[in-house]
1. So what is Rg over Rh here for the range 1-78, counting just Cα atoms and using Kirkwood for Rh?
2. Roughly what would the spin-label model give for THR64 and ALA90, points 7 Å off Cα along C-beta, in nm?
3. Provide the percentage of antiparallel DSSP beta bridges, counting only those with both residues in the range 1-159; round to the nearest 5.
4. Counting trypsin sites (Lys or Arg not before Pro) as exposed when in a DSSP loop with at most 16 other beta carbons within 10 Å, what is the longest stretch of the chain free of them?
5. Hey, got a sec? Which GluC sites (Glu not before Pro) in the range 64-122 land in a DSSP loop and have at most 14 other Cβ atoms within 10 Å?
6. So how compact is the range 7-174: Cα radius of gyration and Dmax in angstrom?
7. About its Cα centre, how strong a charge dipole does the range 7-174 have in debye, to the nearest 20, once Lys and Arg get +1 and Asp and Glu get -1 at the Cβ?
8. Given a Förster distance of 35 Å, report the FRET efficiency between LEU127 and GLU32 from their Cβ-Cβ distance, rounded to the nearest 0.05.
Amino acid sequence: MRPRPGEVLHFSEDPTITLFRPHVALTAQQPEPYVWAVDHDHAPDYWFPRQCPRALVWAGPATTGADRDRLIGAGGGTRVHAVEYSWLPALLAAKLYAYRLPADRFRPFGEAERPHAYVAEEPVEPLGPAEPVGDLLACHAAAGIQLRVLDNLWPYWDAVVASTALFSGIRLRNAAPRHRSPSVGG
């Protein structure tokens with residue numbers, strides 16, 4: 001599920017929204033109220049249940065071959081999404097919907113050369129009813145995005161943030177606690 005030209009998308013598990021009103025998100029790092037949406041490239045970041053923690057990793061121009069092979073894999077593809085096993089049942093059962101919104105009501109949010117979202121400061125009506133996204137695993141497969149299921153996200157995340165790969169972490173506060181190494185002699 002991707003936006004068409006002139007559109008951005010908002011993903012939700014609620015199929016009944018008829019008007020998007022600006023609000024301050026619970027996870028917001030800024031005090032301004034916005035309506036949030038994403039473009040074509042960022043739509044896959046939201047092919048998950050809302051609260052699902054995920055590590056998103058992709059190769060960029062400065063990504064070394066060693067980091068690409070280690071974190072993304074030598075077998076092809078340029079992107080990995082990683083989740084924890086404990087979230088797999090929710091991922092498989094999620095009923096996710098996409099709302100198509102008029103792109104001309106939104107402005108880029110984030111880094112100027114690569115905004116990570118689009119925001120509107122006024123209420124926005126969807127261009128039509130919510131559309132079911134469908135099988136989230138099939139969405140990843142069709143987009144050529146590797147979906148990895150891990151016991152714990154933190155070791156992979158730590159390797160990613162210390163690498164030359166590009167990355168984003170969403171809802172990481174919902175990830176399982178970091179594993180603690182057993183104490184020596186204890």
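All of the numbers you see were taken from the coordinates with simple rules; none came from a lab. Remember, predicted model here, so these are calculated numbers, not experimental data. Because the Cβ atoms are built from the backbone with ideal geometry, glycine has one as well, and the counts that use them run over all protein chains shown.
1. Checking Rg against Rh, the ratio lands at 1.06.
2. For the pair THR64/ALA90, the computed spacing is 3.5 nm.
3. About 80 percent, rounded to the nearest 5.
4. Result, exposed sites excluded: 96-170.
5. Counting only loop positions with at most 14 other Cβ atoms within 10 Å, the GluC sites (Glu not before Pro) in the range 64-122 are GLU113, GLU121.
6. Looking at the range 7-174, its Cα Rg and Dmax stand at 16.4, 47 Å.
7. On the way: 14 positive and 20 negative charges, 67 e Å.
Computed about the Cα centre, the dipole is about 320 debye.
8. With R0 = 35 Å, the Cβ-Cβ based efficiency is 0.90.
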